[in-house]
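Here the structure is laid out as structure tokens; the discussion comes afterwards.
The values are calculated or read from the model by the stated rules, or taken from the named source; none is laboratory data. This one's a predicted model, so the numbers in the text were calculated from it and none came from an experiment. Note: ideal-geometry Cβ built from the backbone for every residue, glycine included; neighbour counts use all protein chains shown. Keep in mind that these areas ignore ligands, DNA and RNA; they rest on the heavy atoms of the full protein, side chains included. Shrake-Rupley method; radii C 1.70, N 1.55, O 1.52, S 1.80 Å.
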Amino acid sequence: MDGDAFFAAVRDWARRIPDGERRVLAIAGAPGSGKSTLAEHLVERLDPGLAAILPMDGYHFDDRVLDPRGHRAVKGAPHTFDVGGFRVMLARLRANDEPEVAVPVFDRDLEVARAAARIIPASVRLIVAEGNYLLLDRAPWTDLLPLYDRTAYLDVPLEELERRLRARWEGYSMTPGDIAAKLEGNDLPNARTVVTERRAADWVVTWQGAPDPAR
């Protein structure tokens, strides 16, 4: 379905969530697909205060964890996230038994996750969780699946993903060799993982919005 049809379907579903209850929509997509932007546009099109975003990128392991493990060069790969922490936060948000919950948000300028950077009040009825691996069919990511009420996948061809990812690194004035190393060493393997190892989604979206700046 296209973006407008997706926005309309979610709006109709979300409006039926009873007051005092909460649901979770998981939006997955490869790096460069535009999933973060899709989530933002979705929340903007819903009734004010109805929904809030929980970004998976807030659960990146810090470089101080990645460096000793030798994983910093592949930051953004499935094993470089605190999946357990994300699961606990999803469960906490689903319970909705607190006046508000603070969630972390990844700061792209500093390449660090900022703790308690976004507040989600109890009045929010829909949590829009977004991230590359939310539908990944491998442990421990599959532990998240029972916490979703609906799922969406942003479908972008691998060729277009490569074009977008290449353009991203070219914006940093990197050499062709460095760009090739970034693409083949991390970005494209991650994209292929998302595309080939995902679970089926309730909604498959073909949306041509702005590409996702996230890894």
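Points to keep in mind about this one:
- Extension gain, Met1 back to Ala116 (0.36 nm per residue minus Cα-Cα distance, nm): 37.9 nm
- Qualifying trypsin sites (Lys or Arg not before Pro) for the stretch 1-32 [loop in DSSP, other Cβ within 10 Å: at most 13]: Arg15, Arg16
- Amide hydrogen neighbours beyond the local backbone of Ala113, cut-off 5 Å, H modeled: Asp107
- Sorting 25-36, 61-72, 113-124 by their mean Cβ neighbour count within 10 Å, with the most densely packed peptide first, gives 25-36, 113-124, 61-72.
- Computed magnitude of the charge dipole of the chain (debye, nearest 20; Cβ of K, R +1, Cβ of D, E -1): 260 debye
- When the trypsin sites (Lys or Arg not before Pro) in the stretch 74-113 are filtered for DSSP coil states and for at most 11 other beta-carbon atoms within 10 Å of their beta-carbon, the remaining sites are Arg108.
- Separation of the Thr206 and Asp137 label points, Cα + 7 Å toward Cβ, nm: 2.2 nm
- The C-alpha atoms of the chain define a longest principal axis, and helix 35-45 lies at about 30 degrees to it.
- The stretch between Arg11 and Glu170, if pulled fully straight at 0.36 nm per residue, gains 53.5 nm over its current Cα-Cα span.
- Helix 3-14 vs. the chain, principal-axis angle (Cα, 0 to 90°, nearest 10): 40 degrees
- The modelled label-to-label distance for the pair Asp178/Asp19, using points 7 Å beyond Cα in the direction of Cβ, is 5.6 nm.
- Accessible-area ranking of Phe106, Phe6, largest first, probe 1.4 Å: Phe106, Phe6
- Cα long-axis angle, helix 158-170 against the chain (0 to 90 degrees, to the nearest 10): 70 degrees
- In the chain, the calculated helix contribution to ellipticity at 222 nm averages -10000 deg cm²/dmol per residue, counting -39,500 (n - 2.57) for every DSSP H run with n ≥ 4.
- Modelled spin-label separation between His71 and Arg163, with each label point placed 7 Å from Cα along the Cα-to-Cβ direction: 3.3 nm.
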